[in-house]
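The values are calculated or read from the model by the stated rules, or taken from the named source; none is laboratory data. Nothing here was measured: the structure is a model prediction, and the numbers come from that model. Don't worry about glycine lacking a Cβ; one is built from the backbone with ideal geometry, like all the others, and counts go over all protein chains shown. All accessible areas refer to the heavy atoms of the entire protein, side chains included, with ligands and DNA or RNA removed. Shrake-Rupley method; radii C 1.70, N 1.55, O 1.52, S 1.80 Å.
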Amino acid sequence: MTLKKDILIPRPSHLNLAIGLALGTFSIASPVMAADDAQQNDAQTETVSVYASRMDAQKASGAVAVSTVSLEEIEKRQGSNVTDLIRHLPNVSVIGGGRDVAQSVTIRGLSSDNGRVVQLVDGTRQNFSVGHRSSLFIDPELLSSVEVVRGPSSTLWGSGALGGVFAQNTKSASDFLSGTETLGGYVKQGFNSNNNASRTSGAVFGRTETVDWLVQSYYHDSDDNQLGNGKTLSDSSNREKGGFAKVTYTPSLDHQWTFIARQGELDDMSPSNPSIKEPSGFYPSVYRETRDQSLSVAYDYRPATNWIDISSQLYWNNTEMEEHRVVPQERDNNETQTLGFSITNTSSLKELDIITGLDLYRDSYETIRDDSSKPGERPAGQDANAENVGVFGQINMPVSEQLQWQAGVRFDAYKGEDNRPTSMDGDSRDHAWSPSTALTWNATEQLALTASYREAFRAPSLEEMYASGTHFITRMGINRFVPNPDLKAEHSANKELAITYQFTPTSYFDNAYVDVRLFRNDVDDFIDMNVDFMGGTTTRENVQDAKLEGVELSLHHQLGGFTNNLSYSQTEGKDKETGSYLENIPAHKFVAETDYALATLPVSVGGRVSHYADQDDTNDANTYDGYILWDLYASYSPNGDWDGVKFDLAIDNLTDEQYTQAWAQVASPGRDIKFNVRYQF
């Protein structure tokens with residue numbers, strides 16, 4: 001870690017260099033554009049965004065594992081939370097327990113709860129992070145797809161992508177309209193048996209030759225969750241509402257503008273730490289109001305040249321969480337604002353693909369802690385900023401007829417600053433390089449083997465660096481936070497081997513493949529909370545070097561109306577120095593799923609069984625029992641007089657299993673019957 005006098009955030013000249021590197025291919029292409037104006041083709045009518053082009057770049061190589069949950073799958077699963085849509089994916093798990101407001105996404109043992117997974121909505125970073133609180137605020141009803149990148153991905157996504165990327169994409173009018181349809185809408189009503197939830201949503205949408213627009217809203221209300229043992233999980237009810245508007249303007253084949261405004265409100269009552277079983281004197285009941293807002297404008301420029309395919313985006317996110325501690329009558333406030341800009345360009349030159357880009361974003365983090373009931377016995381309020389500048393490039397090129405090579409590198413410079421007048425802490429400045437490389441050998445037309453190496457980093461959060469005030473009080477006295485602006489970034493280095501076999505279609509299957517991945521991710525300078533009970537202090541420190549190893553096996557089979565998927569995944573994590581087990585490592589998981597779409601009726605049915613093994617890899621006597629979950633779902637879209645109506649039925653945890661996820665203190669919900677009716681006009 002360097003001192004304030006060291007210049008690690010680019011000076012104007014450095015910033016100009018970064019921009020020049022990112023835009024270099026743009027200027028080279030200028031003379032080519034005029035010569036290629038007549039070569040416009042139909043492929044350029046596709047909608048491409050910053051999010052899509054980077055994700056496409058990740059999918060282009062077998063070195064990166066990317067799972068996609070489609071709109072059809074989202075509708076089938078009828079998730080009440082976005083985590084319901086992805087928990088079945090290999091080495092993707094949900095931690096935090098049975099309350100939605102405590103949940104976070106874990107990929108290969110690294111969690112979004114502490115910023116080790118990048119979360120995106122329509123390509124914009126979601127950087128809100130407050131201890132024990134979820135940062136998953138978008139309702140599944142707004143989503144057209146969810147994509148999960150498993151494994152370190154900082155070359156394209158920057159700070160935080162140690163475990164991977166969790167990306168959510170919202171709907172457009174084209175998701176509802178087909179053929180020559182130009183205007184429509186829908187209303188939808190759903191019910192959940194477990195918590196008596198009522199879920200209402202609706203939208204209107206339309207399109208012309210140049211404009212695609214959609215306005216969508218939702219309102220949900222639920223009681224407390226019921227567990228598999230018949231008991232009620234106290235303080236787990238919530239109420240949420242919100243919506244968004246999206247307008248895409250395409251004045252010509254070369255230019256496209258997309259404007260998005262989104263707002264969500266979530267009200268709930270839960271313990272101040274919602275991941276514990278029930279409120280207590282130390283964790284009192286809290287009435288929490290969360291307001292999540294986002295504005296973005298994206299511009300895509302795709303002229304008739306292979307040199308230019310530009311995607312740019314300017315965005316603003318604001319998440320404010322107000323908390324009313326009921327018994328002590330104290331009111332807290334947490335607010336995070338992110339202002340960001342991204343630009344990328346993709347050049348395709350015969351068999352050579354080059355993607356370059358620039359990321360800029362600034363986080364503002366402010367908290368207010370009310371200690372009026374017991375002055376001096378609460379954490380102190382915070383007021384801090386973080387700035388990040390990143391420039392990156394990636395190339396895909398053939399080495400021979402059978403060998404494909406990918407290489408990329410990213411440079412990030414970042415700064416943290418404590419703005420409190422009483423602060424004695426200087427600015428925290430540092431930088432990071434994130435290289436990656438992969439070599440794919442296409443041994444046959446069906447068999448491909450890929451070896452890859454990827455590095456990633458996570459800059460320390462503002463809360464980790466600048467937390468101060470009282471942490472807790474015991475008989476031994478007051479334990480206080482000690483700021484540590486000299487925290488180093490966490491760094492990971494991932495080695496991975498992937499084997500993919502695509503079967504030739506036969507009478508036994510129309511499409512089938514198997515994908516096997518072995519990985520080892522070494523993470524250095526883990527940031528952890530060091531609690532000194534004797535000294536009465538709590539400090540975040542770089543205390544651990546970790547080793548995460550695992551395997552992922554996926555098998556896909558499709559024949560006629562049948563689709564079958566099998567997956568097995570495991571991750572094991574240890575401290576490299578002491579050999580002790582890491583916490584929050586998910587249990588080994590086996591998932592089998594089958595769908596069948598009837599050829600004679602507009603009906604589809606399916607089911608999934610998920611087996612979670614015992615989690616015994618802990619450092620104490622506390623272990624977690626395994627469990628099996630059965631889920632069923634069915635859809636029916638009648639024709640004739642009922643045209644436009646769609647019925648969806650899903651049953652989660654069919655056997656009403658009483659279970660607690662590994663590392664959670666709170667059990668998860670029991671059986672839940674979900675019934676939804678939608679009418680589209």
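Observations on the structure shown:
- Between Tyr633, Tyr627, the distinction of being at pLDDT 95 or above and closer than 18 Å to Gly96 by Cα belongs to Tyr627 only.
- Of all residues in the range 90-103, those that are out of contact with any Lys or Arg (no Cβ under 8 Å at 6 or more places or on another chain) and over 14 Å from Ile585 (Cβ atoms) total 6.
- Among the criteria (1) over 30 Å from Ala413 (Cα atoms); (2) in contact (Cβ under 8 Å) with a residue 24 or more places away in the chain; (3) not acidic (Asp, Glu), the one Pro375 does not fulfil is (2).
- Looking across the range 642-671, the residues that are open to solvent by 20 Å² or more (accessible area, probe 1.4 Å), in contact (Cβ under 8 Å) with a residue 24 or more places away in the chain and within 23 Å of Asp221 (Cβ to Cβ) come down to Lys646, Phe647, Leu649, Asp652, Pro669, Arg671.
- In the set (1) in a strand (DSSP E or B); (2) within 30 Å of Asp643 (Cα to Cα), Leu629 fails one condition alone, (2).
- Of residues in the range 530-563 being of a type in the set (A, V, I, L, M) and open to solvent by less than 50 Å² (accessible area, probe 1.4 Å), the one farthest from the chain's Cα centre (by Cα): Val531
- Residue match in the range 204-227 (condition: in contact with an Asp or Glu (Cβ under 6 Å, 6 or more places away or on another chain), of a type in the set (Gly, Ala, Ser) and closer than 24 Å to Asp672 by Cβ): no
- Residue in the range 18-41 that is more than 28 Å from Asn195 (Cα to Cα), at pLDDT 50 or above and of a type outside the set (A, V, I, L, M) present: no
- Tyr633 touching a helix residue (DSSP H, G or I) at 6+ places or on another chain (Cβ under 6 Å) and of a type in the set (Phe, Trp, Tyr): yes
- Hey, Glu265 part of a strand (DSSP E or B), touching a His at 6+ places or on another chain (Cβ under 6 Å) and not hydroxyl-bearing (Ser, Thr, Tyr) or not: no
- Only a single item in (1) touching a residue at least 12 places away in the same chain (Cβ under 8 Å); (2) open to solvent by 30 Å² or more (accessible area, probe 1.4 Å) is not met by Asn521, and it is number (2).
- The set of residues in the range 192-208 that are open to solvent by 20 Å² or more (accessible area, probe 1.4 Å) and in contact with a Gly (Cβ under 7 Å, 6 or more places away or on another chain) comprises Arg199, Val204.
- Just one residue in the set Gln570, Gln558 is assigned to a strand (DSSP E or B), out of contact with any Phe, Trp or Tyr (no Cβ under 9 Å at 6 or more places or on another chain) and either within 23 Å of Ser635 (Cβ to Cβ) or polar (S, T, N, Q) (or both); that residue is Gln570.
- Any chance Ala621 is in a loop (DSSP other than H, G, I, E, B), closer than 22 Å to Asn565 by Cα, among the aliphatic types (A, V, I, L, M) and modelled with pLDDT under 95: no
- Count of the range 135-145 residues, restricted to those that are open to solvent by 10 Å² or more (accessible area, probe 1.4 Å), assigned to a loop (DSSP other than H, G, I, E, B) and not aliphatic (A, V, I, L, M), is 2.
- Condition check for Asn639: open to solvent by 50 Å² or more (accessible area, probe 1.4 Å) and either among the basic types (Lys, Arg) or under 30 Å from Gly579 (Cα atoms) (or both): no
- Scope the range 498-518; condition of a type in the set (A, V, I, L, M, F, W, C), open to solvent by 70 Å² or more (accessible area, probe 1.4 Å) and assigned to a strand (DSSP E or B); matching residues: Leu518
- Residue count, the range 174-223 (criterion: part of a loop (DSSP other than H, G, I, E, B) and of a type in the set (Val, Ile, Thr)): 4
- Cβ-Cβ under 6 Å pairs, at least 6 apart or on other chains, the range 295-324 side closer than 12 Å to Asn345 by Cα and small (Gly, Ala, Ser), far side open to solvent by 40 Å² or more (accessible area, probe 1.4 Å) and not in a loop (DSSP other than H, G, I, E, B): Ser312/Tyr299
- Single residue of the range 171-191 satisfying the filter (under 27 Å from the mean Cα position of the chain (by Cα) and open to solvent by 60 Å² or more (accessible area, probe 1.4 Å)) that is nearest to Val247 (Cα to Cα): Ser174
- 2 or more residues within 23 Å of the chain's Cα centre (by Cα) and of a type in the set (Asp, Glu): qualifying strands (runs of 3 or more DSSP E) within the range 325-410: 352-368
- For first residues located in the range 230-257 and under 23 Å from His220 (Cβ atoms), partners that are β-branched (Val, Ile, Thr) and open to solvent by 60 Å² or more (accessible area, probe 1.4 Å) and lie 6+ apart or on another chain with Cβ distances below 9 Å form the pairs Gly243/Val215; Phe244/Val215; Ala245/Val215; Lys246/Val215.
- Residue that is least open to solvent (accessible area, probe 1.4 Å) [pool: residues in the range 411-438 that are part of a loop (DSSP other than H, G, I, E, B) and under 30 Å from Lys350 (Cβ atoms)]: Ser434
- Residue ID - surrounded by the most Cβ atoms within 10 Å (Cβ to Cβ), chosen from residues in the range 106-134 that are touching a helix residue (DSSP H, G or I) at 6+ places or on another chain (Cβ under 8 Å) and closer than 25 Å to Leu358 by Cβ: Val118
- So Ala634, is it aliphatic (A, V, I, L, M), in contact with a strand residue (DSSP E or B) (Cβ under 6 Å, 6 or more places away or on another chain) and buried (at least 20 other Cβ atoms within 10 Å of the Cβ): no
Residue-by-condition table, conditions (1) at pLDDT 95 or above; (2) touching a Pro at 6+ places or on another chain (Cβ under 7 Å):
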{"site": "Thr305", "(1), (2)": "no, no"}
{"site": "Asp309", "(1), (2)": "no, no"}
{"site": "Gln313", "(1), (2)": "yes, no"}
{"site": "Trp316", "(1), (2)": "yes, no"}
{"site": "Thr319", "(1), (2)": "yes, no"}
{"site": "Pro328", "(1), (2)": "no, yes"}
{"site": "Asp332", "(1), (2)": "no, no"}
{"site": "Ser342", "(1), (2)": "yes, no"}
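- Taken together, the residues in the range 583-602 that are crowded, with 16+ Cβ neighbours inside 10 Å, of a type outside the set (Lys, Arg) and closer than 12 Å to Gln615 by Cα amount to 5.
- Against the criterion of being part of a loop (DSSP other than H, G, I, E, B), buried (at least 19 other Cβ atoms within 10 Å of the Cβ) and touching a Phe, Trp or Tyr at 6+ places or on another chain (Cβ under 7 Å), Pro460 does not qualify.
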